[in-house]
Amino acid sequence: MDKTFSEKPVAAFVLPDLSNGGAERAFFNIAMHFHKAGMKVHILASLTGQNVEKIPPEIKLFELGNTADTNSSSFLRVTNRIIKYLKVESPDVIICFSDYIDLSVMVAKKITQAHFKLIVSQQYHISSFLKELPSKNKILLRFIQKLWSSGANKIVAASDGVAKDIIINYKLKHLSKVTTIYNPIFEEKILSLAEEFPSENILFTGSTFKIITVGRLALQKDHPVLLKAFKLFIEKVSNAVLYIVGTGPLEMSLKSMAITLGIQEKVHFLGYKNNPYSYIAHSNLFVLSSLYEGFGNVLVEAMACGVNVVSTDCPSGPSEILSNGIYGYLCPVSNPQALCNAMQDSYNSPLPSKKLINRAKEFSIENNGEKYLQLANSIILLLIFFANIIYLFSN
């Protein structure tokens, strides 16, 4: 028998790395919450990123190395390291949120015949993401997702929209397998970081109306529609400026587009920032122009800074975070005029900062990290219960 009721349960978190990205940070927060609650915690990842040095010594770390998504040698190495881990350790539950690493975990479980329960967290809207992929990648990813959708004990969706999309895509018969737990994004440290002044302080002084967006400069975020909407907006609010925080493959084309639109003097590309909260907090409006999201972590972060938000009503997450427009303005995707109108509405009728901060606090580690803990405990208790029953009858 592997476990008894007297032993502390073990939760293993498997993720690509420990960077400060939205999903990675959310899962780091969940792991820390499990640790504080008295559970033994293991982390399997590429041990790189800003959060490595924040991990308490009581948490066991296991190096996975580079977890490049579609690289076959990387997949084999990661799978082999998970197999080695399972031969030494006996986790009760593994929580994983990367499609390709999910597959490695499932293969390792089959080979080692380990008895842990698997919780898979789905962070993006599957149908929307698959549309971007080449045919070969799409087939591979659908195959992997089909495996984990049937093999996982529980699937946690980052939003209700993601949950519905999983059920529809993979025709799940047992709907209770899928549950929604919003990402635990709000942290008190956001409030203190927001008080810092941006290093480009000359840009953030004066009487301009400051609009900001933060995110990777990639197709999903649809920055072109934001640039077009901003051009329309400054026809009505001439003192407006736009700050774009982030880097990505579309950076040069977006800068060229700003020139073509004749708005380059009012658009500032600031690149990557370690503390984006200081930039958000010193702006008047945050805009998310995405084609799709899984949740929309950055909306919570902007509200935590007390800043009004406008977002496309994309699948999925923003409408749930903003409670269908109660906490911010929503508009259709890929529609510059509609986005401009929403920005104008926010400009004319801003919401109170306190209302936004209070809403952001609902997405805290204490609330949503606790839901992950309760879910893990529920399936661990079943695992231990049946292990003890088998032990009693076999003796």
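The values are calculated or read from the model by the stated rules, or taken from the named source; none is laboratory data. No experiment lies behind these values; they were computed from the predicted model shown. Cβ placement follows ideal geometry from the backbone for every residue including glycine, while neighbour counts extend to all protein chains displayed. In case anyone asks, the SASA skips ligands and DNA or RNA and just uses the protein heavy atoms, side chains included. Shrake-Rupley method; radii C 1.70, N 1.55, O 1.52, S 1.80 Å.
With R₀ fixed at 35 Å, the C-beta to C-beta distance from SER127 to SER192 puts the FRET efficiency at about 0.35.
Evaluated at q = 0.09, 0.10 Å⁻¹, a Debye calculation over the C-alpha positions of the chain (equal weights, vacuum) places log10 I(q)/I(0) at -0.56, -0.69.
Net charge dipole, segment 155-302: roughly 520 debye, given to the nearest 20, about the Cα centre with Cβ charges of +1 for Lys and Arg and -1 for Asp and Glu.
Using 0.36 nm per residue, how much length does the chain from THR205 to SER323 gain when fully extended, once their Cα-Cα distance is taken away? Don't skip to the answer; put the middle values down first.
Values: separation 118, 0.36 × 118 = 42.48 nm, distance 3.24 nm.
Between THR205 and SER323, full extension yields 39.2 nm more.
Label sites at LEU261 and GLN50, each approximated as a point 7 angstrom past Cα along Cα to Cβ, lie 2.8 nm apart.
For ALA157, nonlocal amide neighbours, meaning residues 5 or more places apart or on other chains whose placed amide H falls under 5 Å from its own, are GLN122, THR179, THR180, ILE181. How far is the Cα center of segment 147-173 from the Cα center of segment 20-48, in Å? Cα centres, segment 147-173 to segment 20-48: 22 Å.
Measuring r between the beta carbons of GLU366 and GLU7 and using R0 = 30 Å, the FRET efficiency lands at 0.70. Here the scattering of segment 157-196 is modelled by Debye summation over its C-alpha atoms, one equal scatterer each and no solvent; at q = 0.20, 0.25, 0.31 Å⁻¹ the log10 of I(q)/I(0) is -0.62, -0.79, -1.00.
Its Cα centre serving as origin, the chain has a Cβ charge dipole (Lys and Arg +1, Asp and Glu -1) of approximately 960 debye. A simple spin-label model places pseudo-atoms 7 Å from Cα toward Cβ; at SER176 and ASN275 they are separated by 4.9 nm. Within the accessible area of the chain, the carbon and sulfur atoms contribute 56%, probe 1.4 Å, all protein chains present.
From most to least packed by mean Cβ count within 10 Å, the peptides 187-194, 226-233, 342-349 give 226-233, 342-349, 187-194.
Based on the inverse mean of 1/r over its pairs of different Cα atoms, what is the Kirkwood hydrodynamic radius of segment 19-114, in Å? Write down the numbers at each step before the final one.
On the way: mean 1/r = 0.0716 Å⁻¹.
Hydrodynamic radius (Kirkwood, Cα only) of segment 19-114 equals 14.0 Å.
Annotation for segment 266-281 versus segment 297-358: alpha-carbon center distance of 18 Å. Solvent-accessible area per residue in segment 88-170 equals 40 Å², computed with a 1.4 angstrom probe and all protein chains kept.
Rank by packing, highest mean first: peptides 362-369, 210-217, with packing defined as the count of other Cβ atoms within 10 Å averaged across residues. Walk me through the numbers before you get to the answer.
Values: 362-369: 18.0, 210-217: 22.5.
Ranking, from highest mean packing down: 210-217, 362-369.
Of the residues HIS35, THR112, PRO332, the one whose Cα sits farthest toward the positive end of the charge dipole of the chain, with +1 on the Cβ of Lys and Arg and -1 on the Cβ of Asp and Glu, is THR112. Highest mobility in the GNM of the chain, judged by mean-square fluctuation with C-alpha springs under 10 Å and restricted to ASN239, ASN297, ASN80, is found for ASN239. To the nearest 0.05, what FRET efficiency results for ARG142 and LYS87 with a Förster distance of 30 Å applied to their C-beta separation? Computed FRET efficiency for ARG142 and LYS87 comes out at 0.45.
When only Cα pairs under 8 Å and 6 or more residues apart are kept, what is the percent relative contact order across the chain? Intermediate values should be presented prior to the final figure.
Details: 728 pairs, mean separation 64.9, N = 395.
Computed over the chain, the figure is 16 percent.
The helix-only estimate of mean residue ellipticity at 222 nm for the chain, built from DSSP H runs of length n ≥ 4 each weighted as -39500 (n - 2.57), is -13500 deg cm²/dmol after division by the residue total.
Using a probe of 1.4 Å on the protein chains alone, the accessible area found for MET252 is around 130 Å².
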